[in-house]
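Below is one structure, written out as structure tokens; comments come after it.
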Amino acid sequence: MMLFRSRKETRRIQVEDALKHIYNHQYANECTRQDCLAQALGLNSREIGRLLKELQEKELLEIQGENFKLTPAGEEWALQVIRAHRLWERFLADETDIPLHKVHGHAEKREHKMTREEVDLLDAQLGYPQHDPHGDPIPSARHEMEPPATTPLLQWKEGTTALISHVEDEPAEKFSRIIALGLLPGTPLNVIDSGPEGLLIQSAGRKFRLPTELVGNISVKPAPETLQEIPAEPLSILNTGEKGKILYLKSQGLTRRRFMDLGMVPGTLIEVLMPSLFGEPKAYRIRGTTIALRKEQANQIFIQKIKESNGTPK
Amino acid sequence: MEPQNKQIKVSSQQKAEEPISSACERCPLAVQRFGIDLEKWDYIVALAGNPNTGKSTLFNALTGLRQHTGNWPGKTVARAEGGFGYQDKKYKIVDLPGTYSLLSASVDEEIARDFILFGKPDCTLVVVDSTCLERNLNLVLQVMEITDKVVVVANLMDEARRRGIEVNYRRLGENLGVPVIPAAAAKGEGISEILKAIHDMVMGTTHTTPHRIASEGPLKEAVDELTDMIEKTYPGIPNARWIAMRLLDGDQKVRETLANGDLAQLTQGQVKTRESVDLDV
Amino acid sequence: MDQKQPPKSKYTPQDILNRADALQRQMEFSFRDSIIQSTYAEAEKLSKDAVRQKGDALQTWGDRFDRIITNPFTGLPLMGLGLATVIWITIAGANYPSQWIFNFLFWLGDLAKNLFVMMGAPWWLTGFIWDGVYRGLAWVVAVMLPPMAIFFPMFTILEDLGFLPRISFNMDWLFKIAGAHGKQALTMTMGFGCNAAGVTACRIIDSPRERLIAILTNNFVPCNGRFPTLIMLATLFVAAGFQGLASSLIAAGAVVLVVMIGVMFTLLVSALLSRTVLKGEPSSFSLELPPYRKPDIIRIFYTSTVERTLFVLWRAITMAAPCGGIIWLFSNLHISGKSLSLWASQALQPLGHAIGLDGVILLAYIIAIPANEIVVPTILMVYSNADKMVDLATMDQLKALLIDQQGWTLLTAINLMLFSLLHNPCSTAIWTIYSETKSLKWTVVGTLMPLSIAFLVTFIVAQSLRVLGWF
């Protein structure tokens, strides 16, 4: 195991982190002055001066008055780092057991160690995902990135369904609280009421209050037609004998593929056949086959409950 | 890249690592990867299907073997092989793991898929459960994307009849574009018809027009364009459409196969193969 | 941006890959999702066109049975009763055939031995072949074959029916608490047939961590080969004071209890592993409950009886016969007036005693390492060879040997049952663990962990019962 990074490696990490930060700040219209950068990167004024000079010499950066601006080459490099970061997060979230609130930290390290080829390979392996697990767009191999068309949740109007597009992953403590509430990117929600202690949210068949300090970390976009006005509920709320129509799957990666291979595609009917001896797991009838799922898996499948019309009592 | 110079070796499943000289001109890849001794067999038949459709029962019925057939998902964890003779021809039959799909690239699905693709069976039997055709047809459609030489065995027809499920097998066959043979393998019903269907398929007297998925809508354009490119590059390749779809799906294994020139070996003519390989440099 | 390739007559593979990437990028939807959706849509259409349901869909007896077996009130008793019935049929059914085989093989052995004596063969040759090798073989065939030949077809019928996935379905909750994969319940039930088969079946678990847990704990359910040991001990000791039906019922109850202890250890060790060395998040779980199928009972009886008979004979020839030879040598080679087996068993006595067994049992266990499911026959061979006075012609005489002459108690029987349940896998299972994990480390863990647990448990049981003053 390597205990010490080589100087060259440390240098690369510093350069890449700087590029990434300048890129992010530049597009968020935030401060890109030297002191702001020094603070964001945790460097003192002498170190940041040296770093910026190096970037300038490599023609990655140009100075505009007090602010800095990336050159096209600098922007491309920054996007490559962001691409590596977000793809690695996607990979960790989909294909490994690592909890979601830890993937950012892993990706922060990994992003500096991947070659372009490795990143492209990963992209292909994952089936070219468009978004990382936090809902941020992943730059393409040609370093194009769809601009994040999102609205802060705070500004969302009550009454229309919103789809979570982004959940800020820092600080990790807030992030884990948000995902504990089931508010992952891709989840539809409705704002029912707002008050001083937060928003009243309806999502996945539950109503709950989202504390004010968390609201700011969530961005949303309008939900597609298909999700409008359909109250999506997790499969696990169905009782024995009840039926539902699958609306969407929240799981990603291998689990999603497995589910879809079993015929769990949107529009498929699913019926709860019976619970097991201990009440868990439950057996479901899907396209003529009986499949047992644990509650964790049933919570990933969102359905629209079907009311029995021919009067069979529940 | 010069695949034609690769020394073709018998896989470790067979005796030694000595090159096959005369075995089979058209499918060195299959021999190399799957250790099937083609010298003793005239034709290879693959047996695919969902789990619990009675695949192993059919395998036993065809080969006379007494391979144990448990009833739990994932039971066939590796390939089982056997043989039978029919009308003076010898057939090798390979029982593939039962899978719902060929897309997920889990181990068992990969075994099944690779065999159908690289093993180049002369006929692929897809066993389906007549009592729940809808689910089973998913796999049939996927297999038909890889190979045209498909015979569908609609097994458990007795069970379907008992439950009042009426299946119009002829109609199903017409719509699928491949032969559909109703059977009840456990009782031995339909076995002779299956043997005849296999025979007709390997003799080339059966002509199939497999039903295609993604033949309309937004997928079509992308698939068609890529298929065209692949067909032009590798003339005579039998499964260009399937490869196009796998590439669009980001299938790493198929990408590698394309990049390293193995794909060229899937084409029938050797001469054509060399030409396309030269372009690869 | 993505410039479309100018039409050419040929492309390089890289052209094709680049174009695929570009097309993929342009799509506003997931290609994989769409392809699966459209495939299922096609399948639905094709199936609707060709299939017609006459009348109402029939509720099969399988559906109805599924409700009974998963009902909290009827399910558990039914499963317990099912297990008990299978074991009871094995015990009751194996009793007489065991005696017949025993009598026949020993009669044959004596005949041949006399023939050797008449022909003037040297005593050591006669002894080695007929008192050693042959006796080992005969013992194993007599003790092992009938229970195995009865249990295995029954297990196979349940397997073919589709019963095992239901048991797994019912037990999954316990495995979930233990941090293990749901399919481990399935691989565990496969272990009742054969632990090596159970270890191989672990391939159905995708997550390497959970698969390893399933592989390492599979040994804790007694396989078909270990049932005879349990059955014999239960019959001889636990049900000793009873006759006829009562005896076999009580013996079956004892074996069921041992099986439950085995399941408990499976869960306990799984929980321990998944919280320590094999820590991690549970992976996604889905299990198909296939429709029940009518098993071909005649074929199963034919094939599994033939198969088991061959298996036992093969085991007897390759494992038990050499063991028999070694034991004879141990009993007949003398150093300073004491036989080797006496030396060895005396040396092992303190350790054996500490865990409620004795030196001879441990010696037999060491000799029988290659196939430790034959450890009990080996014990009997050591005893009978050490004490030439006893001619073990019937089970009664056997009882007399163990209880009266060797001083076995209920504690010995309990601990031997526990030891046989928990100790390391047989050589075939160990080899299977290696070929499945491809790791020397995990093979060693899979071998030594159960062995240490066996020592620990028997030690605790022996010491606490002695402290309580029961033995």
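Worth pointing out:
- Considering C:Ile91, C:Ile69, C:Ile87, the condition of being β-branched (Val, Ile, Thr), surrounded by 15 or more Cβ atoms within 10 Å (Cβ to Cβ) and either in contact with a Ser or Thr (Cβ under 8 Å, 6 or more places away or on another chain) or without any contact (Cβ under 8 Å) to a residue 40 or more places away in the chain (or both) is satisfied by C:Ile91 alone.
- One residue alone among B:Val94, B:Val143 is modelled with pLDDT of 85 or more and part of a strand (DSSP E or B), and that residue is B:Val94.
- Applying the criterion of being of a type outside the set (A, V, I, L, M) and modelled with pLDDT of 85 or more to the residues of the range A:60-84, the residue that is nearest to the chain's Cα centre (by Cα) is A:Arg83.
- Answer residue from the range A:103-121, given it is within 13 Å of chain C (Cβ to nearest Cβ) and touching a residue at least 24 places away in the same chain (Cβ under 8 Å) and is surrounded by the fewest Cβ atoms within 10 Å (Cβ to Cβ) among those: A:Val119
- Screening the range A:193-281 for strands (runs of 3 or more DSSP E) wholly inside it with 3 or more residues that are over 19 Å from C:Leu287 (Cα atoms), touching a residue at least 40 places away in the same chain (Cβ under 8 Å) and in the same structural domain as A:Ile164 (by TED's automatic domain parsing) returns the ranges A:218-222.
- If you go through the range C:440-471 and keep only what is surrounded by fewer than 12 Cβ atoms within 10 Å (Cβ to Cβ) and part of a helix (DSSP H, G or I), you end up with C:Leu440, C:Lys441, C:Leu448, C:Ser464, C:Val467.
- Qualifying residues in the range B:105-156 (those that are of a type in the set (D, E, K, R) and in contact (Cβ under 8 Å) with a residue 60 or more places away in the chain) - the one nearest to the other protein chains (Cβ to nearest Cβ): B:Arg135
- Residue tally, condition more than 17 Å from B:Thr209 (Cα to Cα) and under 9 Å from the mean Cα position of the chain (by Cα), over the range B:119-166: 3
- Restricting attention to the range A:5-54 and to residues that are in a helix (DSSP H, G or I) and of a type in the set (Ser, Thr, Tyr), the residue that is modelled with the lowest pLDDT turns out to be A:Tyr27.
- Subset of the range A:248-268 (residues that are within 19 Å of A:Thr187 (Cα to Cα) and basic (Lys, Arg)): A:Lys250, A:Arg256, A:Arg257
- Being surrounded by fewer than 20 Cβ atoms within 10 Å (Cβ to Cβ), within 12 Å of another protein chain (Cβ to nearest Cβ) and either touching a Ser or Thr at 6+ places or on another chain (Cβ under 7 Å) or modelled with pLDDT of 90 or more (or both) is a property that does not hold for B:Gly188.
- Any hit, the range C:106-116, residues being in a helix (DSSP H, G or I) and within 21 Å of C:Thr229 (Cβ to Cβ): yes
- Filtered residue count, the range A:275-306, keeping only those that are within 9 Å of another protein chain (Cβ to nearest Cβ), touching a helix residue (DSSP H, G or I) at 6+ places or on another chain (Cβ under 6 Å), small (Gly, Ala, Ser) and farther than 19 Å from B:Arg135 by Cβ: 1
- Among (1) under 30 Å from C:Gly62 (Cα atoms); (2) modelled with pLDDT under 90; (3) of a type in the set (D, E, K, R) - the single one B:Asp158 does not satisfy: (2)
- Count of residues meeting criterion [surrounded by 22 or more Cβ atoms within 10 Å (Cβ to Cβ) and basic (Lys, Arg)] in the range C:145-178: 1
- Against the list (1) within 14 Å of another protein chain (Cβ to nearest Cβ); (2) buried (at least 20 other Cβ atoms within 10 Å of the Cβ), the condition A:Ala84 fails is (1).
- Condition met for B:Glu166 (part of a strand (DSSP E or B) and at the interface with another protein chain (Cβ under 8 Å from one of its Cβ atoms)): yes
- Residue match in the range A:85-97 (condition: over 14 Å from the mean Cα position of the chain (by Cα) and part of a loop (DSSP other than H, G, I, E, B)): yes
- Some residue of the range B:80-91 being buried (at least 24 other Cβ atoms within 10 Å of the Cβ), away from chain A (no Cβ under 14 Å) and not acidic (Asp, Glu): no
- One residue from B:Thr131, B:Thr206 being part of a loop (DSSP other than H, G, I, E, B) and more than 24 Å from C:Ile35 (Cα to Cα): B:Thr206
Per-residue answers, yes or no, for (1) within 13 Å of chain B (Cβ to nearest Cβ); (2) of a type outside the set (Gly, Ala, Ser); (3) in contact with a strand residue (DSSP E or B) (Cβ under 9 Å, 6 or more places away or on another chain):
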| position | (1), (2), (3) |
| --- | --- |
| C:Met171 | no, yes, no |
| C:Gln184 | yes, yes, no |
| C:Phe192 | yes, yes, no |
| C:Asn195 | no, yes, no |
| C:Arg209 | no, yes, no |
| C:Ala240 | no, no, no |
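- Residue tally, condition within 7 Å of chain B (Cβ to nearest Cβ) and modelled with pLDDT of 85 or more, over the range C:53-78: 0
- In the set C:Ala41, C:Ala22, only one residue is modelled with pLDDT of 85 or more, part of a helix (DSSP H, G or I) and within 10 Å of chain B (Cβ to nearest Cβ); that residue is C:Ala41.
- Which listed residue, of B:Ala222, B:Ala183, is away from every other protein chain (no Cβ under 12 Å) and of a type outside the set (Asp, Glu): B:Ala183
- Residue within the range C:179-194 that is of a type in the set (Phe, Trp, Tyr) and closer than 22 Å to C:Phe152 by Cβ present: yes
- Residue in the range B:140-147 that is aliphatic (A, V, I, L, M), out of contact with any helix residue (DSSP H, G or I) (no Cβ under 6 Å at 6 or more places or on another chain) and surrounded by fewer than 17 Cβ atoms within 10 Å (Cβ to Cβ) present: no
- Options C:Leu362, C:Leu313, C:Leu392: the member that is surrounded by 14 or more Cβ atoms within 10 Å (Cβ to Cβ), closer than 22 Å to C:Gly225 by Cα and modelled with pLDDT under 85: C:Leu313
- Picking from residues in the range A:151-192 that are among the small types (Gly, Ala, Ser) and outside any loop (DSSP other than H, G, I, E, B), the one that is nearest to A:Pro224 (Cα to Cα) is A:Ala162.
- Checking B:Asp200 against (1) under 27 Å from B:Pro238 (Cα atoms); (2) crowded, with 17+ Cβ neighbours inside 10 Å; (3) more than 12 Å from every other protein chain (Cβ to nearest Cβ); (4) not β-branched (Val, Ile, Thr), the condition it does not meet: (2)
The values are calculated or read from the model by the stated rules, or taken from the named source; none is laboratory data. All of these numbers come straight from a predicted model, not from anything done at the bench. Note: ideal-geometry Cβ built from the backbone for every residue, glycine included; neighbour counts use all protein chains shown.
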